[in-house]
1. Please state which one of ALA346, ALA328 is touching a helix residue (DSSP H, G or I) at 6+ places or on another chain (Cβ under 6 Å) and at pLDDT below 95.
2. Write out, first by first residue and then by second, each pair whose Cβ atoms fall under 7 Å of each other, whose residues are 6+ apart or on separate chains, and whose first residue, in segment 280-296, is without any contact (Cβ under 8 Å) to a residue 40 or more places away in the chain while the second is away from the ligand (no atom under 16 Å from the Cβ).
3. Does any residue in segment 231-257 that is farther than 19 Å from LEU35 by Cβ come within less than 9 Å, Cβ to Cβ, of a residue that is crowded, with 19+ Cβ neighbours inside 10 Å and hydroxyl-bearing (Ser, Thr, Tyr) six or more places away or on a different chain, and which pairs are these?
4. Given CYS247, CYS281, CYS223, which one is within 16 Å of the ligand (Cβ to nearest atom), more than 12 Å from the chain's Cα centre (by Cα), at pLDDT 95 or above and not assigned by TED's automatic domain parsing to the domain that holds ARG117?
5. Among LEU350, LEU314, which is touching a Lys or Arg at 6+ places or on another chain (Cβ under 9 Å) and crowded, with 19+ Cβ neighbours inside 10 Å?
6. Only one residue in SER44, SER67, SER63 is more than 24 Å from ASP233 (Cα to Cα), at pLDDT 95 or above, under 25 Å from the mean Cα position of the chain (by Cα) and outside the structural domain of GLU215 (by TED's automatic domain parsing), so which one is that?
7. Would segment 265-272 turn up any residue that is buried (at least 20 other Cβ atoms within 10 Å of the Cβ), hydroxyl-bearing (Ser, Thr, Tyr) and more than 16 Å from the ligand (Cβ to nearest atom)?
8. Please state which one of HIS116, HIS180 is outside the structural domain of TYR265 (by TED's automatic domain parsing), surrounded by fewer than 23 Cβ atoms within 10 Å (Cβ to Cβ) and part of a helix (DSSP H, G or I).
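The values are calculated or read from the model by the stated rules, or taken from the named source; none is laboratory data. Computed from a predicted model, the values in this text were never measured in an experiment. Glycine gets a Cβ as well: all are built from the backbone with ideal geometry, and neighbour counts include every protein chain shown.
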Amino acid sequence: METLNPILSDVLNRARKTAFYQDRLPNSSWENIPLTTKSDLRDSYPFGLLALPHRQIASYHESSGTSGKPTASFFTEADWQDVVSRFLRNAINVSENDWIFIKTPYSLVTTAHQMHRAAEMVGATVVPGSNRTTNMSYPKVLRLLSDLPITAVWCLPTEVCLWAKAARQLNLNPITSFPHLRAFLVAGESLAPSRKKAMESFWGRPIFCDYGSTETGSLGGQCSHGNMHLWEDRLYFELVDKVAQNCGSLVVTSLHRQAMPLVRYNLGDVVRLGAADSCGCGSRFRTIEVLGRKESAISGPDGPVFPIDIEEALFSLLELPGDCLWRAKWMGDRLKVEVDRPFSNALAELEMKLRLPITISYVEDILPRDHLMKETKFSKPKYLLSADDSWHSAITY
Ligand SMILES: [Zn+2]
């Protein structure tokens with residue numbers, strides 16, 4: 001391993017202190033190091049990836065996938081400084097002048113804590129809303145956004161759409177009823193550029209994107225030119241299982257993590273990377289577009305079609321407004337699409353763009369009206385369903 005970059009060499013030495021990595025990191029080339037998978041993380045629960053004594057850990061987190069088996073993650077205070085300082089690079093530019101409404105979960109996952117610590121670091125005011133709780137109905141969200149000088153919100157992209165719907169039901173105007181609100185910062189779901197634009201237009205405010213996970217914290221964030229950049233000075237990124245030269249599954253190695261070193265961790269996300277130095281903002285870091293989980297795609301004649309591809313086509317071709325919800329089912333031979341707002345007829349263009357046979361219909365109650373006024377425990381939506389899935393599993397409460 002003589003030729004290995006000293007920073008990566010350090011990473012391996014730290015990782016060898018964990019039960020999981022101690023016998024797993026060969027002294028040969030970097031490419032011979034096996035990938036770490038989500039399943040490895042699950043199998044190592046609770047302490048297999050812990051590299052330090054318990055007393056040095058600042059916080060414990062976990063996420064649970066569909067299997068229900070948790071993956072644990074650990075951070076020291078220094079780890080948190082690393083995560084939060086890169087998260088703060090986002091062009092939304094959180095500052096001491098902001099009141100930040102945190103509408104992502106506090107329970108076990110890192111998302112809300114990341115924003116909470118970031119806001120504290122710059123002296124912003126925190127309004128801790130959380131998510132997946134019965135204590136944060138949408139009328140209450142809108143009351144807080146209206147009555148408090150909240151300037152920025154941290155939430156899932158879909159919630160930006162749902163609050164617009166709820167506002168209309170309450171006779172509030174998304175553009176004029178929340179005078180202090182200046183921007184949204186979103187993460188946790190892929191968001192097609194055309195839908196983002198429609199939402200921004202509907203709210204009259206910009207939406208900024210972040211990309212990360214509970215295991216790693218922020219991996220990339222949006223720049224002033226609207227592109228998302230990877231934090232390549234803090235993390236080492238590789239592409240595996242390539243479907244094109246610049247497109248494949250993203251693998252990350254944490255360069256500075258103390259509590260839980262991750263070596264060649266396959267995030268399971270298919271991404272497209274831009275060239276370094278290609279963005280007008282002047283960043284030296286590569287840009288990233290997150291297409292989605294490999295298993296979420298359907299097989300089209302020209303390769304995989306991800307939910308974000310469908311979303312981009314719908315919002316760019318059908319003139320859908322920013323408060324429109326959609327869902328689709330792959331029936332094996334055609335795509336059945338439903339949208340809850342009237343649309344311009346562009347079926348031929350849609351089929352040509354996605355290279356799939358499509359039927360599309362207007363379904364007014366994708367989300368029943370009274371749901372938005374109830375106490376909600378909103379979860380991440382699944383816009384592209386399989387033939388056997390219930391339509392109601394797209395957006396769940
Ligand atoms: Zn840029």
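1. Sole residue among the options that is touching a helix residue (DSSP H, G or I) at 6+ places or on another chain (Cβ under 6 Å) and at pLDDT below 95: ALA346.
2. Correct list of pairs: ARG293/GLY268; ARG293/ASP269.
3. TRP231/SER218; ARG234/SER254
4. Of the residues listed, the single one that is within 16 Å of the ligand (Cβ to nearest atom), more than 12 Å from the chain's Cα centre (by Cα), at pLDDT 95 or above and not assigned by TED's automatic domain parsing to the domain that holds ARG117 is CYS281.
5. Only one candidate passes the filter, namely LEU314.
6. SER44
7. yes
8. Values: HIS180 fails: part of a helix (DSSP H, G or I).
After applying the criteria, what remains is HIS116.
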